[in-house]
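Structure first, then comments.
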Amino acid sequence: MIELCEVVITAPDPNWLRQFTRELVAERLCSSVHNFSPVQSTFRWQGDVHDRTEGRASLHTRRELIPRIVAKAVASHPYVVPGISARPIVDRNPDYLAWILTETETPADQ
């Protein structure tokens, strides 16, 4: 059974994040993205607490594609340690589930 998930990515530049996530959709690494901006983030970094306005993206994909998404993000993300996390999709509309699978198919899948 193919596992589906929501991947959340944050970045300091919402425009960079929108372009980055658009590339993920174009490359079929995810089926869709919801970009939110601005979001207020509070985090500890190098011993200090920071407050920052960021962009946040929520994307739907196959769990098996997460390593490729993370590698692509790490290679170009503005942060040294990009905030990327995933959550399983446990309840869903079956038609939406099928759509995510179709839109993330690669030639090897077919």
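Of all residues in the stretch 12-42, count the ones that are of a type in the set (A, V, I, L, M), in a strand (DSSP E or B) and within 11 Å of the chain's Cα centre (by Cα). Lay out the reasoning, then the answer.
Start the filter on the stretch 12-42 by keeping residues that are of a type in the set (A, V, I, L, M), which leaves 17, 24-26, 29, 33, 39.
Okay, now just the ones that are also in a strand (DSSP E or B), so 33, 39.
From what is left, the residues that are within 11 Å of the chain's Cα centre (by Cα) are 33.
Selection size over the stretch 12-42: 1.
Out of T42, T53, T61, T21, I need the residue that is in contact with a Pro (Cβ under 7 Å, 6 or more places away or on another chain) and either touching a residue at least 40 places away in the same chain (Cβ under 8 Å) or not hydrophobic (A, V, I, L, M, F, W, C) (or both). Which one? Break it down stepwise before answering.
On the way: T42 fails: in contact with a Pro (Cβ under 7 Å, 6 or more places away or on another chain); T61 fails: in contact with a Pro (Cβ under 7 Å, 6 or more places away or on another chain); T21 fails: in contact with a Pro (Cβ under 7 Å, 6 or more places away or on another chain).
Answer to the check: T53.
Just give me the residues in the stretch 65-99 being in a helix (DSSP H, G or I) and under 13 Å from the mean Cα position of the chain (by Cα), in sequence order.
Residues of the stretch 65-99 that are in a helix (DSSP H, G or I), as a first pass: 65-76, 94-99.
Across the stretch 65-99, the qualifying residues are L65, I66, P67, R68, I69, V70, A71, K72, A73, V74.
Suppose we filter T53, T102 for residues that are hydroxyl-bearing (S, T, Y), exposed (fewer than 15 other Cβ atoms within 10 Å of the Cβ) and assigned to a helix (DSSP H, G or I); which single one remains? Step through it out loud before you land on a result.
Details: T53 fails: assigned to a helix (DSSP H, G or I).
Only one candidate passes the filter, namely T102.
Read-outs throughout are calculated quantities, based only on the coordinates presented, and are distinct from any laboratory measurement. What you are looking at is a predicted structure, and each value in this text was computed from that prediction instead of being measured. Cβ coordinates were reconstructed from backbone atoms using ideal geometry, including for glycine residues, and neighbour counts include every protein chain displayed.
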